[in-house]
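Just so you know, all these numbers are worked out from the coordinates, no wet-lab data involved. Note that the coordinates shown come from a computational prediction; the quantities given were computed from them, not determined experimentally. No Cβ is skipped: glycine too gets one built from the backbone with ideal geometry, and neighbour counts run over all protein chains shown.
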């Protein structure tokens, strides 16, 4: 009973925060509600025993993606009033789309019910061990490929946003390597009472 | 209704998916909100994968949800980079003008 009660609490919070993400006037509020939505889904995952994915969701989404969104929103200086107008034009299309999926939900709830119960499973290993068993053996290639995808995304983001400024002084490795001590240091003998004469 | 079933999570993920798609339809002008709606849709997919994996007692779904997380992070980075250069060129993020990028 505790499980069901917590599920409905977190699910209600998740749906409410998702709605607030869409209908907030200020994009900063939207991002913060997105963080709250991810946090609630983390709670849901931990509730059904998928701790590893829940914590990874908290770290990756809340710690990286949502904060990235927040930085961009704060950096861009958007006029809030101009963004939300002309919204009524798209309401019928959106309602039609939502109605179709609502019909699917009703069909599923009324005609198809699943009898699988979470309490019947006996776990010999914990969640993280189970994931580690398959992630580094069966899905090894996929794991490496997802690393390459992240590398490509990083390179792509840097290339897209990089601004070349010719006035910035840069390191020239060739000229550094080809210099000798004579180019840099000059030995001067100073006679007594004369000082150094500049050429 | 004294125990959790897969149906609970499936319907929750469908509702979250609908909210994300609804946001995509409504906010045709704000590019940041479109990216956030895509994140919500991916979150719905994650909820579906993880709950199915737990209730079928099969760990592969959780591994796939980790891959979805990876792709979502990459997608957010690239999308926000495109958003930043678009804002730098145009001074606004109105998506109705974005077809001028092909000129």
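For chain A, the relative contact order is 14 percent, taking Cα pairs closer than 8 Å that sit 6 or more residues apart in sequence and dividing their mean separation by the residue count.
Relative to the longest principal axis of the C-alpha atoms of chain B, give the angle of the C-alpha long axis of helix B:60-90, reported between 0 and 90° and rounded to the nearest 10°. Approximately 10 degrees, to the nearest ten. Put simply, the C-alpha atoms of chain B give a gyration tensor, and the ellipsoid matching it has half-axes of 34, 16, 7 Å, longest first. Relative to the longest principal axis of the Cα atoms of chain A, helix A:2-23 runs at roughly 60 degrees.
For peptide A:161-173, how many partner chain Cβ atoms fall within 10 Å of a residue's Cβ, on average? All intermediate terms of the calculation are to be shown ahead of the outcome.
Details: counts 7, 2, 2, 0, 0, 0, 0, 0, 0, 0, 0, 0, 0.
The mean count of partner-chain Cβ atoms within 10 Å per residue comes to 1.
Averaging the sequence gap over all C-alpha pairs within less than 8 Å and six or more residues apart, then dividing by the number of residues, gives region B:6-102 a relative contact order of 31 percent.
The overall shape of region A:141-183 is oblate: from the C-alpha gyration tensor, with semi-axes ordered a ≥ b ≥ c, the ratio a/c is 1.5 or greater and a/b is no larger than b/c.
In degrees between 0 and 90, to the nearest 10, how far off the longest principal axis of chain A does helix A:91-111 point, with axes built from Cα atoms? Orientation of helix A:91-111: about 50 degrees from the principal axis.
Comparing A:62, A:148, A:173 in a Gaussian network model of chain A, where Cα atoms under 10 Å apart are tied by springs, the biggest mean-square fluctuation is seen for A:173.
Quick one: in the protein assembly as shown, what % of C-alpha pairs are over 31 Å apart? The partial results should precede the final answer.
Numbers: 19884 of 45451 pairs.
Result: 44 percent of Cα pairs exceed 31 Å.
For the peptide B:60-72, the mean number of other protein chain Cβ atoms found within 10 angstrom of a residue's Cβ is 6. Inter-chain Cβ neighbour count for A:55-62, averaged per residue, equals 3 (cutoff 10 Å, partner chain atoms only). Between residue A:108 and residue A:162, the FRET efficiency estimated from the beta carbon spacing at R0 = 45 angstrom works out to 0.40. Computed over the protein assembly as shown, the per-residue total of -39500 (n - 2.57) for DSSP H runs of n ≥ 4 gives a 222 nm mean residue ellipticity of -22500 deg cm²/dmol, rounded to 500.
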